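Engineer: Structure incoming, see below.
The values are calculated or read from the model by the stated rules, or taken from the named source; none is laboratory data. In this text the structure is predicted, and so the values were computed from the model without any measurement. All Cβ positions, even for glycine, are placed from backbone atoms using ideal geometry, and neighbour counts span all protein chains on display. Areas reflect the complete protein model, heavy atoms only, side chains present, ligands, DNA and RNA absent. Shrake-Rupley method; radii C 1.70, N 1.55, O 1.52, S 1.80 Å.
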Amino acid sequence: MTFLFPITLLSYILATTAYLVYFAGQKKEVRTVARGILFAAGIIHTVSIVGRYVEVGHTPITSMHESVSFFAWAMTWGFLSFRWRYQVKNFGTFVSIMVTILMILSALFSQAVVPLPPALRSNWLPIHASIALMANAFLAMGFCGGIMYLLQEREIKSRKFGIFYKRLPSLEALDNLNHHCLSIGFVLLTLGIITGSLWAEQAWGAYWQWDPKETWALITWFIYAALLHFRLTMGWRRRRAAIISIIGFSAAMFTLWGVTYLLGGIHSYAG
Amino acid sequence: MQVDQIMIVGVNHKVAPVEVREKLAYTGDCAHPVIEIGKIPGCKECCFLGTCNRVEVIFSGVDSEETVKAVRKFLFSRSNLSDEEAKKYSYSYTGKDAVNHLFRVAASLDSMIVGEPQILGQLKGAYREAREHKSVSLILNKFINKSFTVAKRTRTETNIGGSAVSISYAAVQLAKKIFGKLDNKKVMIVGAGEMAELAAEHLIAQGISEVVVANRTLANAITLAERFNGSAVSLEELTAELESVDILISSTGATDLVLKKEDLKPLMRQRMESPLFLIDIAVPRDLDPKLNDLDNVYLYDIDNLKDVVDVNKSERQNEAGKAERIVEEETLKFMQWLDGMEVTPTIVEMRQKIDDIRQAEIDKTMAGLGELSSKQKRSIEAMAGAITNKILHNPILFLKSDTASVDQQMKLQIVREIFGMDSDS
C-alpha cells in the first residue's frame with residue numbers, strides 16, 4: 001500500500017492549489033472543488049494509513065515519517081469536521097498549505113518499516129501517540145488562525161488594505177477560531193501528557209522522570225494553559241492570543257522534532 | 001407576419017434635470033400609468049417604473065414611431081414641453097438596445113451610485129403592480145423576470161455592490177471587520193455633526209445596542225441622545241465612560257485634542273484589552289494620532305476613511321466593467337429566445353422536441369423486443385412517425401392560421417406552454 005502515499009501527497013498539493021486559486025479569485029465554485037479534493041485526499045490518506053497498519057502490523061505512528069503523516073491526517077479531518085460546525089472564510093487555504101507542508105516533510109523522512117522496539121510494544125502506543133498528534137493538529141490550526149489574525153490586524157491597523165482585508169473574516173471571528181482550536185488542542189495535549197505518564201509508569205517504572213520530551217511537552221502545556229487562563233482573567237485575547245498561539249505551536253513542534261534531533265533522551269524513538 | 005418588439009421610453013438623471021423629472025407621470029396618479037399606457041394603440045404589454053432618479057415605460061408592441069411618440073406624450077403629459085423638447089430629455093430604445101438597457105438598469109449599472117441595490121427592489125415592485133393590472137404577459141413576463149436573474153448574476157459573479165462608497169458606510173464596514181457582529185456593541189458620539197449622526201444611524205441599523213452622546217453642552221447631548229434612544233454625558237465624563245465603549249465617533253469643533261494616548265492607555269487594561277474603534281471625523285482632529293499605537297485600538301481619521309472610499313470606488317468601477325460583459329452576454333441570449341418567439345422557429349422547435357421523444361421511445365421498445373426483421377422494424381418506426389405527425393398536425397395548423405380573433409403572441413404562448421418549450425428557466 002506504500003504507493004498510496006505519493007497519491008495522497010499529490011491530492012493534498014492539488015487541494016492546496018485549488019484553495020490558492022480560490023483565495024486569489026474568490027469564486028465559490030472553485031471553493032467547492034477545493035473542498036472536494038481535500039475531502040478525497042483525506043479519504044485516500046485514511047486508506048493509506050490503514051494500509052500501512054496492515055503492512056507493518058502495528059499502529060503506524062512510530063517512525064517520523066508515520067507520525068508526521070498522521071499529524072497531517074488529523075489536521076485534515078480536524079479541519080473538515082470543524083467546517084461542518086462553523087465556517088471561517090478562507091481558513092481552508094491556510095490549513096491546506098500547512099497540511100501539504102507536513103506531508104512533504106513526512107515524505108522526506110525514511111519510509112522504511114523498522115521493527116517495533118520492545119518498549120513501544122504496548123496498547124498505550126496507539127492511544128498516547130495518536131492523542132498527542134491530534135493535539136498537535138488542533139494546535140496547528142490555532143497557529144493558522146493566529147497567523148490569519150496577525151495578517152488581518154496588520155492591514156486594519158496600518159489602514160492599507162492589501163490582499164487579506166477582504167478575504168479574511170473579522171478579527172473577532174479569527175480570535176474565536178483561535179480560541180476554539182486551542183481549547184480542543186489543549187484538552188488533547190493534557191490527555192496526551194496524562195496517557196504518556198501512565199505509559200511511562202508501566203514501561204519505565206516512573207510516571208515522570210524529566211526526560212527532555214516530557215519537559216518540553218510540559219513547557220508547551222504551560223504556555224497554552226497560561227493563555228487560556230489569562231484569556232479569562234486578564235483579557236489575553238486577540239493580538240496577544242494570536243502571538244502566544246504561534247509561540248505555543250513552535251514549542252509543540254520543538255517537542256515533536258527539536259527534542260528528538262537535538263536533545264535526545266529515552267523518549268526519542270522516531271528517526 | 002410582423003413580430004412584436006420590446007421597447008423602452010424613459011427619462012433618467014443623466015438626460016433630464018430634476019425640474020423635468022418631477023413633472024413626469026408617476027405611480028401615485030389616480031389611474032395607474034399602466035392602465036393609461038395600455039390604451040395606447042400598438043402597445044400590447046407594458047410595465048411602468050418610477051423612482052426619484054428615473055421613469056421608464058417598458059412595453060411591447062408593433063415598432064412604430066407613433067406608438068413611441070404616444071408613450072412619450074403620456075410620460076410628459078403633466079409638463080408643458082413640446083414633443084421636440086420631450087424627445088431631448090428622454091430616450092427610447094427598441095429591440096436589443098431596450099433589452100440591454102433594462103438589464104443595465106436592473107443590474108444597477110445605470111444608477112447614480114453604480115451598484116446601489118434599491119433599484120432592483122423598485123423594479124420588482126413595478127413588475128408586481130403591472131401583474132396586478134394584468135398589463136404584462138408572455139414577452140414582458142419573460143423579459144422582466146430575466147432582468148432580475150441578470151441582476152442577481154452580476155451581484156454573485158462580480159463585487160459590484162461589495163465595497164462601501166460612502167464615508168459613513170466605510171466606517172460601518174470597518175467596524176464589522178473588527179467586531180464581527182455589531183449587536184451588543186456600544187457606540188459613543190462626541191460632539192455633533194451631520195456625518196457623525198449619519199455614521200451613528202448606519203451603525204444602529206446594523207444592530208448596535210447602545211448609544212452614548214458626549215457634548216460640551218449637556219443640553220445638546222441630551223437632545224441628540226433622545227434621537228438615538230441613548231444616554232448623555234458631559235465631555236468631562238468622556239474618559240471614564242470609555243471603559244465600556246466599543247466604537248467612538250468624534251466630530252467636535254474643538255481646536256485641541258479631545259482624547260490623548262496617555263488618557264486611554266491605563267484604561268485599556270480595565271477594558272480587558274477589548275478592541276476600541278476610534279473614528280475621527282473632525283477637522284482639526286479630535287483624537288491623538290498616536291492612539292493608533294496602542295494594542296487593540298484602531299484609529300481612522302477622515303482622510304483615512306476617504307482613502308478607503310476612493311479605493312472602493314475605483315474597484316467598483318472595475319467590477320462594473322465585468323457586470324457590463326455579463327449584461328452583454330445575457331442580452332444576446334435573450335434576443336435568441338425572442339427570435340424563437342416567431343411561428344417558424346416555434347414549429348421547428350416543437351417538431352424537434354416530439355421527434356426526440358419518438359426516437360427515444362422507439363429505441364427503448366426495440367431494445368426490449370429482441371430480434372426483429374427489418375420489415376418489422378420499419379413498420380414500428382412508420383407507426384411512431386404517423387402518430388407524432390398526426391398529433392402535431394393540429395397545433396401546427398393552429399400556429400399558422402391567421403385568425404384575427406386570437407393574438408399571435410397568445411397562440412405562441414399557448415403552444416409553447418403546452419409543449420413545455422420554455423421550461424428551462
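Engineer: Dividing the alpha-carbon radius of gyration of chain A by 2.2 N^0.38 Å (N being the number of residues), what value is obtained? Don't jump to the answer; show the numbers that get you there.
Structural biologist: On the way: Rg = 18.9 Å, N = 271, 2.2 N^0.38 = 18.5 Å.
Taking the Cα Rg and dividing by 2.2 N^0.38 Å, one obtains 1.02.
Engineer: Next up: Take the alpha-carbon centre of the range B:159-225, take the same for the range B:328-350, and report the distance between them in whole Å.
Structural biologist: Taking the Cα centre of each part, the range B:159-225 and the range B:328-350 sit 51 Å apart.
Engineer: Which residues of the range B:157-178 bury at least 40 Å² of accessible area once all protein chains are present, versus their chain alone (1.4 Å probe)?
Structural biologist: So the qualifying set is B:K177, B:I178.
Engineer: What residues qualify as long-range amide H neighbours of B:A214, i.e. H under 5 Å apart, gap of 5 or more or another chain, H built at 1.01 Å from N?
Structural biologist: B:I189, B:V190, B:G191, B:V233
Engineer: Can you report the principal axis dimensions of the protein assembly as shown using only the alpha carbons, biggest first, rounded to whole angstrom?
Structural biologist: 104, 99, 33
Engineer: A further question follows. Return one whole number: the accessible area per residue of the protein assembly as shown in Å², for a 1.4 Å probe. Before the final figure, lay out the partial values.
Structural biologist: On the way: 32810 Å² over 696 residues.
Dividing the accessible area of the protein assembly as shown by its residue count gives 47 Å².
Engineer: Sticking with this structure for a sec: Could you tell me which trypsin sites (Lys or Arg not before Pro) in the range B:251-285 are loop residues by DSSP with no more than 14 other beta carbons within 10 angstrom of their beta carbon?
Structural biologist: Within the range B:251-285, the qualifying trypsin sites (Lys or Arg not before Pro) (loop, at most 14 other Cβ atoms within 10 Å) are B:K260.
Engineer: While we're on this one: I'd like the distance between the alpha-carbon centres of the range B:86-133 and the range B:267-291, rounded to an integer number of Å.
Structural biologist: Cα centroid of the range B:86-133 versus Cα centroid of the range B:267-291: 45 Å apart.
Engineer: Moving on. How many Å³ per residue does the convex hull of the Cα positions in chain B occupy? Kindly include the intermediate steps, with their values, before the conclusion.
Structural biologist: On the way: hull volume 90.7 nm³, N = 425.
Per residue, the Cα convex hull of chain B comes to 213 Å³.
Engineer: Looking at the range A:226-267, which residues lose a minimum of 50 Å² of accessible area between their chain alone and all protein chains in place, measuring with a 1.4 Å probe and not counting ligands or nucleic acids?
Structural biologist: Checking the loss per residue gives A:R238.
Engineer: To continue, here is another question. In the protein assembly as shown, what percent of the accessible surface is made up of carbon and sulfur (1.4 Å probe, ligands and nucleic acids excluded)? The partial results should precede the final answer.
Structural biologist: Details: 19470 of 32810 Å².
Taking all protein chains in place, the protein assembly as shown shows 59 percent carbon and sulfur surface.
Engineer: What do the square roots of 5 times the Cα gyration tensor eigenvalues come to for the range B:343-418, in whole Å, largest first, as semi-axes of the equivalent ellipsoid? Before the final figure, lay out the partial values.
Structural biologist: Working: eigenvalues 222, 26, 12 Å².
Equivalent ellipsoid of the range B:343-418: 33, 12, 8 Å, largest first.
Engineer: Suppose we compare each residue of the range A:151-175 in its chain alone and in the full protein complex with a 1.4 Å probe; which ones drop by at least 20 Å² of accessible area?
Structural biologist: A:E153, A:I156, A:K157, A:R159, A:F161, A:Y165, A:K166, A:S170, A:L171, A:E172
Engineer: Kirkwood Rh over Cα pairs of the range A:117-271 into Stokes-Einstein at 20 °C, 1.002 mPa s: D in µm²/s? If you can, show how the numbers build up before the last one.
Structural biologist: On the way: Rh = 16.6 Å.
So the translational diffusion coefficient is about 129 µm²/s.
Engineer: Taking amide H positions as placed in the peptide plane 1.01 Å from N, state which residues far from B:M421 in sequence (5 or more) or on other chains have amide H under 5 Å from it.
Structural biologist: none
Engineer: Using a cut-off of 14 Å between beta-carbons, work out the net charge of the residues near A:V99 (Lys and Arg +1, Asp and Glu -1, A:V99 not included).
Structural biologist: On the way: positive: A:R35, A:R83; negative: none.
Combined, the nearby Lys, Arg, Asp and Glu give +2.
Engineer: Sticking with this structure for a sec: Please give the net charge around B:G161, taking every other residue with its beta carbon less than 14 angstrom from that of B:G161, where Lys and Arg add +1 and Asp and Glu add -1.
Structural biologist: Working: positive: A:K166, B:K152, B:R153, B:R155, B:K313, B:R316, B:K322; negative: B:E116, B:E157, B:E315, B:E319.
Once positives and negatives cancel, what remains is +3.
Engineer: What translational D, rounded to a whole number of µm²/s, comes out for the range B:167-308 from Stokes-Einstein when the hydrodynamic radius is the Kirkwood one over Cα pairs, at 4 °C and 1.567 mPa s? Don't skip to the end; give the middle numbers.
Structural biologist: Values: Rh = 14.7 Å.
Answer from the Stokes-Einstein relation: 88 µm²/s.
Engineer: Buried accessible area between B and A (1.4 Å probe, both chains summed, ligands and nucleic acids excluded), in Å² to the nearest 100?
Structural biologist: Values: alone 21890 and 12810 Å², together 32810 Å².
Accessible area lost upon association: around 1900 Å².
Engineer: Per residue, what volume in Å³ does the Cα convex hull of the range B:5-162 take up? Please list the in-between numbers first.
Structural biologist: Values: hull volume 15.6 nm³, N = 158.
With only Cα atoms used, the range B:5-162 gives 99 Å³ per residue.
Engineer: I need the semi-axes of the equivalent ellipsoid of the range A:1-114: take the C-alpha gyration tensor, multiply each eigenvalue by 5, square-root it, list largest first in whole angstrom. It would help to have the intermediate numbers written out before the result.
Structural biologist: Details: eigenvalues 143, 33, 26 Å².
Semi-axes (√(5λ), whole Å): 27, 13, 11.
Engineer: Please work out the Cα convex hull volume for the range B:76-228 and give it in Å³ per residue.
Structural biologist: Details: hull volume 30.9 nm³, N = 153.
Dividing the Cα hull volume of the range B:76-228 by its residues yields 202 Å³.
Engineer: Where in the range B:34-101 are there GluC sites (Glu not before Pro) that are in a DSSP coil and have at most 11 other Cβ atoms within 10 angstrom of their Cβ? Display every interim value, and only then the final one.
Structural biologist: Working: sites: B:E36, B:E45, B:E56, B:E65, B:E66, B:E84, B:E85; in loops: none.
Those that pass, being in a loop and sparsely packed, number zero.
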